[in-house]
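The values are calculated or read from the model by the stated rules, or taken from the named source; none is laboratory data. Model, not experiment: these values are computed from the prediction. As a convention, Cβ positions derive from the backbone with ideal geometry for all residues, glycine included, and neighbour counts pool all protein chains shown. Heads up: the accessible areas ignore ligands, DNA and RNA and are worked out on the full protein's heavy atoms, side chains in. Shrake-Rupley method; radii C 1.70, N 1.55, O 1.52, S 1.80 Å.
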Amino acid sequence: MTKTLKSALDQFRLEFTGKIPPEIAAAMARADNELAASGIAARALAAGAEAPDFTLKGAHGETVTLSKLLRHGPVVVSFYRGGWCPYCNLELRALQAVLPEITGRGATLVAISPELPDESLSTADKNELAFPVLSDTGSRVAREWGIAFDLAEELRPIYTRFGHALPDRNGGTSWVLPVPATFVISDCGIVRMAFVDTDYRNRLEPHAVLCALDGIAVARARMAAE
């Protein structure tokens, strides 16, 4: 990419903020503050922990199991809110841009959202993603990884007004979302890097993912030499 992911996110944030009514901006700010104060980021899966296994359906009907992927090398897991989220789409495209460098390091990249498979397929097609986009229906995996939360009641009619009613996209009646998060997991199943930020407008730079994968390779080489 010719610019950082952060610069693209900041540019969109500036443009979006100028378009929304003050009362909606205030409601979003209140929800952001409440989520940050909840302490969810501190309770989320952290570096040094063992990553809980999962088996999820992909956008093209495939079944993906974390433990099976780890047999072939490290795994990068990116949780995103949904294809309706422009910040998520910017992040997914940034990850796609470095996919050759991720796979070149012997790693696998997967993205997970609570959306139904048809919605995941739409996201994958729209962003021309060449990595698995998985559906965590019911947010079971997000709960196990400590990043699931209930969207603030105040925001639900606003999301519906914007065409983002979560029950329609995720199935059921739930308004649960994951805090956007990125985890880099070594082939032994241990989280080597965890990025969890309650401000959904902040995302991990892809370069940091590559650095974490390089760190895993260095550690592996050191162990082999001992």
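Give, as residue ranges, the helices (runs of 4 or more DSSP H) completely inside segment 57-117 that count at least 2 residues that are farther than 22 Å from ALA194 by Cβ.
On the way: elements: 66-70, 86-97, 99-104.
Because the criterion is at least 2 residues that are farther than 22 Å from ALA194 by Cβ, the helices (runs of 4 or more DSSP H) in segment 57-117 that meet it are 86-97, 99-104.
Kindly list the number of the only condition in (1) surrounded by 13 or more Cβ atoms within 10 Å (Cβ to Cβ); (2) out of contact with any strand residue (DSSP E or B) (no Cβ under 6 Å at 6 or more places or on another chain); (3) closer than 25 Å to ILE216 by Cα that fails for PRO86.
Unmet for PRO86, out of (1) surrounded by 13 or more Cβ atoms within 10 Å (Cβ to Cβ); (2) out of contact with any strand residue (DSSP E or B) (no Cβ under 6 Å at 6 or more places or on another chain); (3) closer than 25 Å to ILE216 by Cα: (3).
Which condition does TYR80 not pass, out of (1) surrounded by fewer than 23 Cβ atoms within 10 Å (Cβ to Cβ); (2) among the hydroxyl-bearing types (Ser, Thr, Tyr); (3) in contact (Cβ under 8 Å) with a residue 60 or more places away in the chain, if it passes all the others?
Tallying (1) surrounded by fewer than 23 Cβ atoms within 10 Å (Cβ to Cβ); (2) among the hydroxyl-bearing types (Ser, Thr, Tyr); (3) in contact (Cβ under 8 Å) with a residue 60 or more places away in the chain, TYR80 fails exactly one: (1).
So which residues in segment 12-34 are part of a helix (DSSP H, G or I) and either of a type in the set (Val, Ile, Thr) or within 18 Å of ASN89 (Cβ to Cβ) (or both)? Steps first, answer last, please.
Of the residues in segment 12-34, the ones part of a helix (DSSP H, G or I) are 12-17, 22-34.
PHE12, ARG13, LEU14, GLU15, PHE16, THR17, ILE24, listed by residue number.
Please determine whether any residue of segment 90-97 is free of Cβ contacts under 8 Å to residues at least 40 places away in the same chain and either open to solvent by 50 Å² or more (accessible area, probe 1.4 Å) or more than 26 Å from GLY189 (Cβ to Cβ) (or both).
The answer is yes, given that some residue of segment 90-97 is free of Cβ contacts under 8 Å to residues at least 40 places away in the same chain and either open to solvent by 50 Å² or more (accessible area, probe 1.4 Å) or more than 26 Å from GLY189 (Cβ to Cβ) (or both).
Filter segment 26-60 down to the residues that are open to solvent by 30 Å² or more (accessible area, probe 1.4 Å) and modelled with pLDDT under 95 and list them by number.
HIS60
Collect the residues in segment 121-133 that are among the aliphatic types (A, V, I, L, M), in contact with a Leu (Cβ under 8 Å, 6 or more places away or on another chain) and either open to solvent by 10 Å² or more (accessible area, probe 1.4 Å) or in a helix (DSSP H, G or I) (or both), keeping them in residue-number order. First the steps, then the outcome.
First pass over segment 121-133, keeping only residues among the aliphatic types (A, V, I, L, M): 121, 124, 129-130, 133.
Keeping just the survivors that are in contact with a Leu (Cβ under 8 Å, 6 or more places away or on another chain) gives 129-130, 133.
Across segment 121-133, the qualifying residues are LEU129, ALA130.
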